[in-house]
Amino acid sequence: MTAPIDPLFAPLALGDIDCRNRIVMAPMTRSRVDADDRPTALHVEYYAQRASAGLIVTEGVQPSIHGKGYPRTPGLHDAAQVEAWRAVTDAVHARGGRIVAQLMHVGRIASHHNKRPGARTVAPSAVRAATSLYTDTAGMQPCDGPEALSAADIAATIADYAASARLARDAGFDGVELHATSGYLPMQFLAANTNLRSDGYGGSPAHRARFVVEVMEALCSAIGAGRVGLRICPGNPFNDVFDEDPITTYPALLDPLRPLRFAYLHVIASPGRKLDAFALARAHHDGALIINDGFEPDTARAALRDGIGDAVSFGRHYVGNPDLVERIAQGLPLAPFDRKTLYTPGAKGYTDYPRATPG
Ligand SMILES: Cc1cc2nc3c(=O)[nH]c(=O)nc-3n(C[C@H](O)[C@H](O)[C@H](O)COP(=O)(O)O)c2cc1C
């Protein structure tokens, strides 16, 4: 008798991206870039250490200077950033890995203390978030009161995303993932409390979904649909967004995207499991599904066996386990991580977690 094949280790095509296993490294902001928003030699080491993942999704990367909100987050909007990211993608590819850039525009979740001169804080409507964030120069600060995007601003923002996707391709990325969760700009359009617009981008669920649909269309025409993913978390109230009816909102988003046949949908379980986000995603998306939130190796394996998703992403386990894939393969225990160094500069708590398996 041969042992049944472990579904976590079956190869998988996510659109045009061939993954050697179904263990995905979830996107994690780690706040360590240089003063010009470029990744450094530390990033090369960090991502190379984790290259055995079937796919790495990078930390959130701002597609324009306006998209930045937190300190020390990377950009993909100028030539020097492309060169810096090239070193990261080369290192991952040299180890047989795959890596996509997560495009993250924070919208109103921003402080001007963290932005370059001339960068704006924008949102669908001029509604300030009832939350605060950390800045290097002034400690904790309330979020800026955002400017409402004009129709021309919306077109320019979509063009920024597309330009950034082309730069991601130039930097050697296998694709991009649109960050549409956690109360950032795309979700600010989707949620009714942050989108008070009366034009074609606000009001009905279809109108609130239009911005995200148009960004996805622009990304797919920029680099090819087989290299574009989308990340959602229906019903997540993080960062002061409120959607009273995600069961209506998300079909209004996903159904118009079906003809695009984009590479994958990355779905985070809804907080409190108030709705079955994975089932909703399966019902309204024809392609590959990456599922996330709180998985352990055994629950991930069971979810793949049950067909709930096609791949599973791990976030926190990837902080302290650079060789997560090898540890899972060998049934080794997983190491904990230190919360205090999640967002602090330098190697400590970033590249200094040891492997448990030969490198
Ligand atoms: C330190 C940290 C940073 C994160 N940054 C991002 C991010 O930049 N983009 C994103 O979509 N999710 C981000 N997340 C959420 C993770 O991708 C993931 O959804 C979450 O950790 C739940 O998965 P897990 O239970 O496997 O950790 C972050 C999570 C952590 C712990």
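May I ask you to say which residue of Gly331, Gly272, Gly294 is within 17 Å of the chain's Cα centre (by Cα) and at positive phi? Answer to the check: Gly294. If you go through the range 255-308 and pick out every residue that is under 26 Å from Arg210 (Cα atoms), assigned to a loop (DSSP other than H, G, I, E, B) and not aromatic (Phe, Trp, Tyr), you end up with 10. Looking across the range 28-64, the residues that are part of a helix (DSSP H, G or I) and away from the ligand (no atom under 13 Å from the Cβ) come down to Ala41, Leu42, His43, Val44, Glu45, Tyr47, Ala48, Gln49. Being closer than 25 Å to Gly203 by Cα and either within 16 Å of the ligand (Cβ to nearest atom) or touching a residue at least 60 places away in the same chain (Cβ under 8 Å) (or both) is the filter here, so list the residues in the range 251-264 that pass it. Residue satisfying the conditions is Leu253 alone.
May I ask you to verify whether Leu324 is aliphatic (A, V, I, L, M), free of Cβ contacts under 8 Å to residues at least 40 places away in the same chain and under 28 Å from Arg30 (Cα atoms)? For Leu324, the condition - aliphatic (A, V, I, L, M), free of Cβ contacts under 8 Å to residues at least 40 places away in the same chain and under 28 Å from Arg30 (Cα atoms) - is not met. Among residues of the range 334-356 that are in a helix (DSSP H, G or I), those with a beta-carbon under 8 Å from a residue that is surrounded by fewer than 16 Cβ atoms within 10 Å (Cβ to Cβ) and not small (Gly, Ala, Ser) at least six positions away or on a different chain give the pairs Thr341/Lys348. Scanning the range 320-333 for residues that are surrounded by fewer than 22 Cβ atoms within 10 Å (Cβ to Cβ) and not in a loop (DSSP other than H, G, I, E, B) yields Gly320, Glu326, Arg327, Ala329, Gln330.
Here Arg305 does not fit the description of being more than 10 Å from the ligand (Cβ to nearest atom), charged (D, E, K, R), in contact (Cβ under 8 Å) with a residue 12 or more places away in the chain and crowded, with 18+ Cβ neighbours inside 10 Å. Quick one: would you say Val24 is under 19 Å from Ala300 (Cα atoms) and touching a residue at least 24 places away in the same chain (Cβ under 8 Å)? Yes; evaluated as a whole, the condition is true for this residue. If you go through the range 192-238 and keep only what is in a loop (DSSP other than H, G, I, E, B), more than 16 Å from the ligand (Cβ to nearest atom), of a type outside the set (Val, Ile, Thr) and within 28 Å of Asp293 (Cβ to Cβ), you end up with Ala192, Asn193, Asn195. Of the residues making up the range 7-27, those that are within 16 Å of the ligand (Cβ to nearest atom) and under 18 Å from the mean Cα position of the chain (by Cα) are Arg22, Ile23, Val24, Met25, Ala26, Pro27.
Bear in mind that the values in this text are calculations on the coordinates, not laboratory data. A quick note: this is a predicted structure, and the numbers were derived from the prediction, not measured. Backbone-built Cβ (ideal geometry, glycine too); neighbour counts: all protein chains shown.
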